[in-house]
Amino acid sequence: MLNVFPIPAFQDNYIWALHNDRHSILVDPGDATPCLDYLEARELQLVAILNTHHHADHTGGNNQLAARYHSRIIGPATETIPAHTEKVTDNDTLSIPELGLQFQVIATPGHTLGHVSYYGANRLFCGDTLFACGCGRLFEGTPEMMLASLESLMQLPDSTEIFCAHEYTLSNIRFAKTVDRDNSTLNEREAAEKSKRQRGLPTLPSTLALEKATNPFLRCQEKALVQAAERYLKHPPRNTVETFAAIREMKNHFQ
Ligand code: ZN
Ligand code: FE
């Protein structure tokens, strides 16, 4: 039986641990200490680290974990990843035989230029690309790139479970309500997610179906979002990229 568990790190990061009772992989271990505690307490052997992108809050634990476990360290070919052993690019297939798992690598540039997501066993590990009710900041890429990345993730089955790297959901929903007015699913989602946080639970994983219904960055074709972009731009957006770029910029300034 394969399970996925969150290892909280820093302020709001989740490091995802996938394991059976012997072997584990970790996605985006930004900090080695909570990972070592987790693996040692369960006597798990770390077989692979999957990195989505180069930022330190996703890769900062690589060196220490690699030194202890000599695990594979898998990450985007075009980025500088500490202790990197396997470089992956779009459409690569990745096997983790110890867990009987296969992942498809999906290039998802935007937050960084080399950012990749990992899809396998109906689960998507998407780092800082698609968040619950949000998307990553455009540190290196363009709005076109990020929108294309999100659109390629939207091709996955609606039942796909979304495991992103940060607990940003409640503040993302607060913003989403300002640009996607009268979305009753969004209001219902806010109540559900608030109650999870009050019980100390992560809001993740989400599902692609729920994101399609509530995430403003996946809804740039919807009238409400086009209108929100128009209010911001003071002219009708010329295309979906312009709507997306406007919504992303509004989010940057949202308190
Ligand atoms: Zn990042
Ligand atoms: Fe991050």
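Just so you know, all these numbers are worked out from the coordinates, no wet-lab data involved. Just so we're clear, the structure is a prediction, and the values are computed from it rather than from any experiment. Cβ coordinates were reconstructed from backbone atoms using ideal geometry, including for glycine residues, and neighbour counts include every protein chain displayed.
Near residue 76, once Lys and Arg are set to +1 and Asp and Glu to -1 for all other residues with Cβ below 11 Å from its Cβ, the sum equals -3.
Of all DSSP-defined beta bridges confined to the chain, some 65% are antiparallel rather than parallel.
Where both bridge residues fall in segment 1-87, DSSP classifies roughly 50% of the beta bridges as antiparallel. Extension gain, residue 159 to residue 2, is 54.8 nm, computed as 0.36 nm per intervening residue step minus the present C-alpha separation. Ranking of 28, 182, 92 by neighbouring Cβ atoms within 10 Å, starting from the fewest: 182, 92, 28. Summary of packing: across the peptides 103-115, 3-15, the per-residue average of other C-beta atoms within 10 Å ranks them, highest first, as 103-115, 3-15.
Distance between the 7 Å Cα→Cβ label points at residue 93 and residue 255: 5.3 nm.
Ranked by the mean number of other Cβ atoms within 10 Å of their residues, highest first, the peptides 143-155, 126-138, 223-235 come out as 126-138, 143-155, 223-235. One Cα centroid belongs to segment 57-132, the other to segment 138-201; the line between them spans 21 Å.
Of all the options 122, 63, 239, the one that moves most in a Gaussian network model of the chain with Cα springs shorter than 10 angstrom is 239.
If you take the alpha carbon atoms of segment 108-255 and fit the smallest convex hull around them, that volume is 101 Å³ per residue.
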